[in-house]
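Just so it is clear, none of the values below were taken in a lab; they were calculated from the coordinates. Since the model is a prediction, treat every value here as computed from it, not as a measurement. Please note: Cβ atoms are built from the backbone with ideal geometry, for glycine as well, and neighbour counts cover all protein chains shown.
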């Protein structure tokens, strides 16, 4: 058994992209302040949130987290192996990878990571991928990283990967984006005892907003979005309630990543998450299958 942490309900994982970037299509507040981040971290600890997800690609997120979690060593930190500009990998690349990993540990002010995920799809397809995989396995054997994994967007991103060596797969799931459920990817990972971390459950906040104020999306998708919110209003519920009902009913998901800008946002999320009757769902299935509308990489 690679994974002995699976349970019936997923846990919350605090995402940190907003701590270092102006992240999110609906984000009007920009990066969170250090003061706000410290308050968010403190409340996350009080609320028994165990996981924090971060990456070097998230601007200064690792550094501000290092300043904010120093009194809370119980958090399980997941970071990412950064995108490699130079794709001509040799044994000389190993020292550079060491520098990147230890730079993250230094910024975070911790001695080891709970998880270290390959962040970029090009790195998964590198002809010398075995070099990277063996390096990651060495870091795991040495106790510097507890679990190694990958961050993906689509099922074919896992093609030809040695899944027997992968502990964690981070992937997108939402009420609108159910592709990896419908095509069997989620069940395949569960059958292989791989931990699943779900991201993009809010579609960068899009699902929480009643109106779409951007030209990124097709007319049919905008109509689909309106129908979703109309049913929410008809049932006297809220988008956050329905997103969390959907998420809590997913089988085999270890944790879901939630990003916040403010302490008040986290308080609302924790309150709804902890007090939700998730057995009563919306009757309609709002799965949407046009990638240009549900894959943020394809948004302008």
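In segment 83-160, the alpha-carbon atoms span a convex hull of 98 Å³ per residue.
Of the beta bridges in the chain, as assigned by DSSP with both residues counted there, near 0 percent are antiparallel.
Convex hull volume per residue, computed on the Cα atoms of segment 60-207, equals 129 Å³.
For a protection proxy built on the mean count of beta-carbon atoms within 10 angstrom, sort 251-259, 168-176, 190-198 highest first, please.
Values: 251-259: 21.4, 168-176: 23.1, 190-198: 19.1.
Order by mean packing, descending: 168-176, 251-259, 190-198.
For segment 224-289, the square roots a ≥ b ≥ c of the C-alpha gyration tensor eigenvalues yield an a/c of 1.5 or more together with a/b exceeding b/c, which makes the shape prolate. Per-residue ellipticity at 222 nm computed for the chain from its helices equals -10500 deg cm²/dmol, with DSSP H segments shorter than 4 residues left out and the rest contributing -39,500 (n - 2.57). Ordering 122, 74 by the number of other Cβ atoms within 10 Å of each residue's own Cβ, fewest first, gives 74, 122. Just checking the listed ones, 234, 111, 56: in the Gaussian network model of the chain with Cα springs under 10 Å, the one fluctuating most is 234.
If I stretch the segment between residue 219 and residue 98 completely, what's the gain in nm (0.36 nm per residue apart, minus their alpha carbon distance), one decimal?
Working: separation 121, 0.36 × 121 = 43.56 nm, distance 4.74 nm.
Roughly 38.8 nm would be gained on extension.
As a rough guide to protection, the peptides 94-103, 9-18 ranked by mean Cβ packing within 10 Å, highest first, stand as 9-18, 94-103.
Just want to confirm a number: the relative contact order over segment 116-226, from Cα pairs under 8 angstrom separated by 6+ residues, in percent. Intermediate results must be reported in sequence, preceding the final value.
Numbers: 106 pairs, mean separation 22.3, N = 111.
Over segment 116-226, the number comes to 20 percent.
With a ≥ b ≥ c the root eigenvalues of the C-alpha gyration tensor of segment 169-300, is it rounded (a/c under 1.5), prolate (a/b larger than b/c) or oblate? Rounded is the answer for segment 169-300, as its axis ratio a/c remains below 1.5. Spin-label pair residue 188-residue 46: with each label point 7 Å from Cα along the Cα-Cβ axis, the two points sit 4.4 nm from one another.
Counting only C-alpha contacts under 8 Å and six or more residues apart, can you give the relative contact order of the chain as a whole percent? Relative contact order here is 23 percent. Using every Cα-Cα pair within the chain, state what percent have a distance larger than 23 Å. So the pairs more than 23 Å apart make up 56 percent of the total in the chain.
Give the order of 166, 40 when sorted by the count of other beta carbons within 10 angstrom, beginning with the fewest. Intermediate values should be presented prior to the final figure.
Working: 166 22, 40 25.
Listing 166, 40 from fewest to most nearby Cβ atoms yields 166, 40.
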